1. Given charges of +1 on the Cβ of Lys and Arg and -1 on the Cβ of Asp and Glu, with all other atoms neutral, how large is the dipole of the chain about its Cα centre, in debye to the nearest 20?
2. In percent, how large is the relative contact order of the chain, given Cα pairs closer than 8 Å and 6 or more residues apart?
3. Relative contact order for the stretch 284-429: what is it in percent, counting Cα pairs under 8 Å that are at least 6 residues apart?
4. So if we plug the beta-carbon distance of residue 326 and residue 73 into 1/(1 + (r/R0)^6) with R0 = 56 Å, what FRET efficiency do we get, rounded to 0.05?
5. Here is the link list: 432/474; 77/169; 248/432. Which ones come out longer than 29 Å on Cα distance?
6. Taking only DSSP H segments of four or more residues, each worth -39500 (n - 2.57), what value at 222 nm results for the chain once the sum is divided by all its residues, to the nearest 500 deg cm²/dmol?
7. Against the globular-protein guess of 2.2 N^0.38 Å, express the Cα radius of gyration of the chain as a ratio, rounded to two decimals.
8. Under a cut-off of 20 Å between alpha-carbon atoms, report the aspartates and glutamates in cross-link reach of residue 569, not counting same-chain residues fewer than 8 places apart.
Amino acid sequence: MKKIPLFLLGLFLVKAGQAAPKKNEPDSVYLFSYATAKNNNHNGLHFAWSRDNVHWLAIGNEFGYVQSDYGRWGSEKRMITPYLLQGPDGTWQCVWSLNDKEPRFAGVSTKDLVYWGRQSYPEVSKGNTVLKPVIAYDAQQATYVITYTSGGKYYQVTSKNLATYSAAKEVSAAAYADKSVSLALPAGNVTGQVHRVAWPVVEKLIQNYQLKEYQRLQNAETTLQDSVRFAGLKPVDAGIQVHAELAKPISNTLLGVFFEDINYAADGGLYAELVQNRDFEYAPGDKQGRDSTWNSTHSWKVKGNGVQFAIDTVRPIHPNNPHYAVVTGGSNGGGVVNAGFDGMAVTQGAQYHVSFFARQEAGKSAKVLVQLIDGDKVIAQAVAEVRSGAWKQVSATLTASGSAANAQLYIQPMVNSIHLDMVSLFPARTFKGRKNGLRADLAQAVADIHPRFVRFPGGCVAHGDGIDNIYRWKNSIGPLEARKPQRNLWNYHQSMGLGYFEYFRFCEDMGAEPVPVLAAGVPCQNSGSSAHGGGQQEGIPLNEMDAYIQDVIDLIEYANGAPTTFWGKKRAEAGHPEPFHLKYIGIGNEDLISDVFEERFTLIYKAVRAKHPEITVIGTVGPFFEGTDYKEGWDIASKLRVPMVDEHYYQTPGWFINNQNFYDAYDRNKSKVYLGEYAAHLPGRPNNLETALAEAIYLTAVERNGDVVSMASYAPLLAKEGHTQWSPDLIYFNNTTVKTTVGYEVQKLYGINSGTSYLPAEVAVNNGQDNVKKRVAISVVKDAASGDVIVKMVNLLPVTVNAATNLKGVSIANTQAVKTVLTGKPADKVCKPVESTCTVGEQFVTSLPAYSFTVIRIKTK
Ligand code: AHR
């Protein structure tokens, strides 16, 4: 055997990660784990280290290595009195108290104190609290023992893995062996546990902190620092060498839209209904009881003397729609008025379809006057007739004699008593003229993006606030009066008027693939505690999962089944006998990846794959681009061979600029990626040119990786002014105006200039600074349908970039190309692209203005 020289052996050891100890390096040190009550216990677990157990050094500035993931963001996710212990196999186990109201504690394991696994939150007693849990190892039983206090008593549970636990039993105070100590650290007096560890453990913690610091600085990069960062920077020359011969196919559904009923995007927004609370189903629970005016009478008021307006539930139109209005005294000359969603915008000369369900107690014929009013002015009116003692729908058409931004609907029953429900007013002009349709200008703004797919109905709305709030698609189809409205998790009301049928039809009207996302049998990871107690931790009970899975399977039949099938028939009855050609189904939305999740996701996934192998199931990998949910979600996807996963990340422009290589090394043999939610967020500032260009830069990298990223959608899409729960958004609107953002222009430029193959390009800049290079990004794609080659170039520098492009191997058919430029100042909230023609050849030079996005569309042979 050949002998390895000693000096080389040393190199091998270093390579294998066994760094040679430095001279002054200790072999073992003390490690102190602790948390503080700062920031309402949100800061997580911190570490300090010491050589002598006397002098301590904090790692980072109270850097948090693991945070609690239990319950709602904001009010929950608290880590109280964490207790850390290293088990005999070296694995660390940590438990902590969650709050002072639930009989649960948190448990989690880690091998290296840097990557922490799934957290578990067992319900361990029926008491109200689980305080100060401590963990010990019982070597005889080979199990962990967790002892905690509750109501002045002590209890114990055991667990082998901190995933499943024994039942709690009461123990004596003597059994409570808390080995915590208090130390005076620079940050104050803190309580925690002291451990003895090998030096590399601390070294890794420090390195991890340093890495996070490095990333934090990158993420904080904004154009506000450009005057310093790029002081004296001269215009930059960039050379772009395109390699047409290396073209690779990319997804032809890359850019789509994410629709969620957030920010009043549906009712009061895209859904063209002008009457608010048309079904009298608003309920205090929609706003978690925090608004006493939010009830069945919301948006309605009485006008005129002697009229009374009450709500009844005795004989509703349908059990799903139990409330209706009883209007009495209308014959005295008064009626009821609906205020709409911030009023109703009415256009002179336009027609409006009014309809309502009514019934007269007496069973005789009665006239009902319907008017559109603008203050005291009547701008349209009609008279409808109610002839029945049973619920019947009546309708009329109104033509507006004037325009008004703030009109209201007035209904005057010319009879002593009448029952009313489903009072509706739609503009005759909806998107594509659809009945029960969409607001034409808003829908058109979405269609103008040329989305290849539409994700719906969310976002968090899809999986709901607790299992009772999961969006059930069957509640959203069929006759409007029989749909089942529900609380919107964003704290308002979902009428379900815009339901699955309407979503599918919208997709079809835009030529976009429908991508419905259904809950994975678990609710939103931000759910609070529910009536069932578990909130976020609660899954649909396993004995109800078969029925839930059947709902998922039925959706495929509803979308694609023949009209002779049970659910296909329902689609046909709604006016669409042809299938909707559903190809994708998302299961789960950035869920907490827990055992509860995995069990339910696996059941649904396997059932859909077995019954419908033709459907691409999209799994979920948490709300962030890293961390436990991301890793655990990907592990599940790889284990089950899920065809695609849904990634989400809202990050700073600095993150997008510095992570253009995010997908470069993704394994092409694993699941494809649907980047289902992303946006560049500048804390405290709106969507502007800077965020839009950061997104444009990142999308060049997404196109480059269009062989692994199949779909991408900015989120959220729509926001109504005055009702915005989430910011920034892509399109803002009020009742009369649609206000597209700069980010919208970027999405649109990508949407209308998408390609089916990617032509790799090398970019060289005459400036050695990495800061400069990463702010110049190029993507070249070819669109098979038109044959056009499209060059996208982003310049996020404060100076011009002269880009010399070499398109060797591309046969240019027309040297006159269409050039579109979006530019302005970084803080600009409104910028519009400007189109012109430019001359191109195999080699051509383009001047890219400071802070700009340029798209050149070239005809090829
Ligand atoms: O896009 C807004 C919200 O962000 C979505 O509902 C949710 O999935 C994410 O947290």
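The values are calculated or read from the model by the stated rules, or taken from the named source; none is laboratory data. Just so it is clear, the model here is predicted, and its values are computed rather than measured. Don't worry about glycine lacking a Cβ; one is built from the backbone with ideal geometry, like all the others, and counts go over all protein chains shown. Each accessible area value is taken on the protein alone, full model and side chains, heavy atoms only, with ligands, DNA and RNA left out. Shrake-Rupley method; radii C 1.70, N 1.55, O 1.52, S 1.80 Å.
1. Details: 84 positive and 81 negative charges, 129 e Å.
I would put it at about 620 debye.
2. 11 percent
3. 30 percent
4. 0.85
5. Values: 432/474 25 Å; 77/169 27 Å; 248/432 37 Å.
Violating the 29 Å limit, Cα to Cα: 248/432.
6. On the way: 15 runs with 153 residues, N = 861.
Only helices count here, giving -5500 deg cm²/dmol.
7. On the way: Rg = 30.8 Å, N = 861, 2.2 N^0.38 = 28.7 Å.
Its radius of gyration relative to the 2.2 N^0.38 Å reference: 1.07.
8. Partners found: 481, 502, 508, 551, 554, 557, 578.
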